[in-house]
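The next block holds one structure in the form of structure tokens; read it before the comments.
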Amino acid sequence: TWEKLKLQHGEQVKERFLKRLSGEIRKRGTLDVLRKGVIDLGCKFHLAYFKPETTLNEEHRRLHAANLLGVMRQVRYSEKNDKSLDLMLFVNGLPVVTAELKNRFKGQSVADAVAQYRLDRDPRGPLFAFRRCLAHFAADTDLAYMTTRLEGGKTHFLPFNKGLDNGAGNPPNPDGFRTAYLWEEVWQRDSLLEILNHFVVDRDKLDEKGKKTGEREIILPRYHQLDAVRRLVADAKGHGTGKSYLVEH
């Protein structure tokens with residue numbers, strides 16, 4: 001497909017394709033581009049290959065295995081200063097998640113990470129603009145919070161914790177930090193691809209009467225929602241259909 005596009009763009013193929021890709025992300029959002037790809041002069045490019053429902057298609061299985069998921073530390077996000085993000089996750093080169101990580105042993109907490117996003121991260125910047133990166137995490141060694149939209153001081157963060165004794169927080173982790181589930185479970189390769197394919201919603205925002213407001217919103221499940229759905233699916237696969245379930249939320 002790339003060779004076909006080169007015949008039309010010539011030596012400027014990379015520059016023109018990246019311009020097209022950037023424009024599509026700006027117009028449609030990263031999620032839609034990852035799911036549906038990009039068409040340039042009749043040439044369709046898939047930007048991600050999600051897990052096939054069966055193992056019958058060997059080519060799809062091969063393409064899914066070829067996805068490149070990356071992580072980068074201290075990512076400079078602006079040409080205007082030298083400030084950087086603690087962590088960024090990529091799918092095939094496209095940034096999808098940012099994170100500010102704080103260490104309680106050094107006198108900082110998740111509150112400092114939240115304040116950093118609210119007060120020191122310009123939501124108009126290319127990496128922080130709405131629908132570019134799909135989620136922004138603030139975490140320390142004990143607690144984690146998440147938002148899908150940066151709005152300066154008005155940014156609303158939701159807890160992204162497992163819960164502790166029927167309350168808020170995270171249980172002790174004998175093998176490390178309480179928030180280790182973020183990188184050991186949630187951000188793990190297959191998990192992140194599944195979240196992008198099946199869980200994240202980019203939709204028209206509705207008012208209390210169910211009417212469109214003219215704005216968009218991105219919904220990413222919190223930990224307990226993600227965990228509940230995965231456990232329901234696993235149980236149905238293991239025991240078959242027809243059982244009744246109660247999800248207390």
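Inside region 208-242, can you point out the residues that are over 30 Å from PRO171 (Cβ atoms) and within 15 Å of the chain's Cα centre (by Cα)?
Once the filter is applied, which keeps residues that are over 30 Å from PRO171 (Cβ atoms) and within 15 Å of the chain's Cα centre (by Cα), region 208-242 yields only GLU217.
Only residues in region 224-249 that are closer than 15 Å to ILE195 by Cα and free of Cβ contacts under 8 Å to residues at least 24 places away in the same chain count as the first member; pair them with residues that are open to solvent by less than 100 Å² (accessible area, probe 1.4 Å) and among the aliphatic types (A, V, I, L, M), Cβ under 6 angstrom, at least 6 apart or cross-chain, and list the lot.
Hits for this filter: ALA228/VAL247.
Mind telling me which of the residues TYR145, TYR117, TYR181 ends up being touching a Lys or Arg at 6+ places or on another chain (Cβ under 7 Å) and among the aromatic types (Phe, Trp, Tyr)?
TYR181
Can you tell me which residues in region 119-156 are closer than 24 Å to TYR223 by Cα and assigned to a strand (DSSP E or B)?
Once the filter is applied, which keeps residues that are closer than 24 Å to TYR223 by Cα and assigned to a strand (DSSP E or B), region 119-156 yields PHE130, CYS133, ALA135, HIS136, PHE137, ALA138, ALA139, ALA144, TYR145, MET146, THR147, GLU151.
Please state which one of ASP82, ASP32, ASP40, ASP86 is surrounded by 14 or more Cβ atoms within 10 Å (Cβ to Cβ) and within 30 Å of LEU143 (Cβ to Cβ).
The unique qualifying residue is ASP86.
Please name all residue pairs, on different chains or six or more residues apart, with Cβ atoms under 9 Å, provided the first residue is in region 104-117 and is more than 15 Å from SER84 (Cα to Cα) and the second residue is open to solvent by 40 Å² or more (accessible area, probe 1.4 Å) and among the basic types (Lys, Arg).
As it stands, the answer is VAL110/ARG104, since those pairs meet every condition given.
Name the one entry in LYS205, LYS162 that is more than 17 Å from the chain's Cα centre (by Cα), open to solvent by 70 Å² or more (accessible area, probe 1.4 Å) and at pLDDT below 95.
After ruling out the rest, the residue left standing is LYS205.
If the requirement is being modelled with pLDDT of 95 or more, in contact with a Ser or Thr (Cβ under 8 Å, 6 or more places away or on another chain) and open to solvent by 60 Å² or more (accessible area, probe 1.4 Å), which of these qualifies: ARG104, ARG149?
So the residue among ARG104, ARG149 that is modelled with pLDDT of 95 or more, in contact with a Ser or Thr (Cβ under 8 Å, 6 or more places away or on another chain) and open to solvent by 60 Å² or more (accessible area, probe 1.4 Å) is ARG149.
Counting just the residues of region 177-193 that are assigned to a loop (DSSP other than H, G, I, E, B) and hydrophobic (A, V, I, L, M, F, W, C), which one comes out most open to solvent (accessible area, probe 1.4 Å)?
Out of the qualifying residues, it is PHE177.
Is it true that ASP204 is touching a Lys or Arg at 6+ places or on another chain (Cβ under 6 Å) and over 23 Å from GLY29 (Cβ atoms)?
no
List every residue pair whose Cβ atoms sit under 7 Å apart, with the two residues 6 or more apart in sequence or on different chains, where the first one lies in region 194-207 and is more than 11 Å from ILE219 (Cα to Cα) and the second, anywhere, is open to solvent by 60 Å² or more (accessible area, probe 1.4 Å) and of a type outside the set (Lys, Arg).
LEU206/THR213; ASP207/THR213
Working only within region 208-249, note down all residues that are in a loop (DSSP other than H, G, I, E, B) and closer than 22 Å to ASP32 by Cα.
Of everything in region 208-249, those that are in a loop (DSSP other than H, G, I, E, B) and closer than 22 Å to ASP32 by Cα turn out to be LEU220, PRO221, ARG222.
The values are calculated or read from the model by the stated rules, or taken from the named source; none is laboratory data. All values reported here derive from a predicted model rather than from experimental measurement. Please note: Cβ atoms are built from the backbone with ideal geometry, for glycine as well, and neighbour counts cover all protein chains shown. Each accessible area value is taken on the protein alone, full model and side chains, heavy atoms only, with ligands, DNA and RNA left out. Shrake-Rupley method; radii C 1.70, N 1.55, O 1.52, S 1.80 Å.
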